[in-house]
Amino acid sequence: MKSIIVVDKNKEFKIILQKVLNILGVTHVLVQNGDVNKSELYNYLVLNGLENDDILKNISQMHFDYILMNMDNDTHNSLNMYGNIITYGFGNKNTITISSVEKDSGNFVYCLQRYIQNNKCNLEPQEVPITIPFTNNNELYAYIVAITIAMVEGKDMCNIKGYLNLQKEYKNLFK
């Protein structure tokens with residue numbers, strides 16, 4: 001089971017991330033920030049937005065397999081952590097970005113712009129059209145984080161796309 005620490009002030013992000021990881025079949029546990037034990041090794045740290053400075057103290061100097069950082073939120077200036085860093089957001093210099101967003105039709109393109117190494121292979125750069133309803137950027141961020149974790153965990157992108165493109169099943173999932 002993969003352990004994931006999510007740092008974000010928005011509860012919606014965490015709820016959607018949890019639901020999408022479950023849909024994609026990624027066995028995981030979301031660790032609450034207050035339950036972090038500095039002597040344990042956690043698989044993922046997701047920095048979508050900082051809640052307060054106490055959380056930085058909680059996770060400072062820790063080691064993670066992967067650190068996913070939302071670069072659209074300017075809150076990562078003084079972090080001191082260790083792991084494979086994967087940046088995400090709308091900027092074209094991020095490892096993972098989103099393009100061709102069509103909110104009305106629930107379409108976006110997930111773009112892996114650089115190789116990511118996992119235990120099994122190197123994930124190659126690719127663009128994958130995804131169809132799933134969303135209402136705001138936090139939902140998009142949760143989707144791309146879940147897709148990235150699923151890929152790193154060895155899930156096939158065709159299966160990921162297939163699960164997420166079943167739009168009619170998801171219309172009321174996140175309300």
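So the values come out like this:
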| item | result |
| --- | --- |
| Net charge of Cβ neighbours under 11 Å - reference TYR44; Lys, Arg +1; Asp, Glu -1 | -1 |
| Most to least packed among 95-104, 40-49, 114-123 [average Cβ atoms within 10 Å] | 40-49, 95-104, 114-123 |
| Inter-site label distance for ARG114 and LEU50 at 7 Å from Cα along Cβ, in nm | 2.2 nm |
| Rounded to 5, the percent of DSSP beta bridges in the range 22-158 classed as antiparallel | 50 percent |
| 222 nm mean residue ellipticity, helices alone, for the chain (DSSP H n ≥ 4; -39,500 (n - 2.57); rounded to 500) | -8000 deg cm²/dmol |
| Filter on LYS57/LYS161; LYS38/LYS103; LYS38/LYS120; LYS57/LYS103 - keep pairs with C-alpha separation over 30 Å | LYS57/LYS161; LYS38/LYS103; LYS57/LYS103 |
| Computed lengthening from ASN73 to GLU124, 0.36 nm per intervening residue step minus Cα-Cα distance | 15.8 nm |
| Extension gain from SER100 to SER39, taking 0.36 nm per residue of separation minus the Cα-Cα distance | 17.8 nm |
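All of the numbers you see were taken from the coordinates with simple rules; none came from a lab. Treat the numbers as computed from the prediction; the structure is a model and nothing was measured. We place every Cβ from the backbone using ideal geometry, glycine too, and count neighbours over all the protein chains shown.
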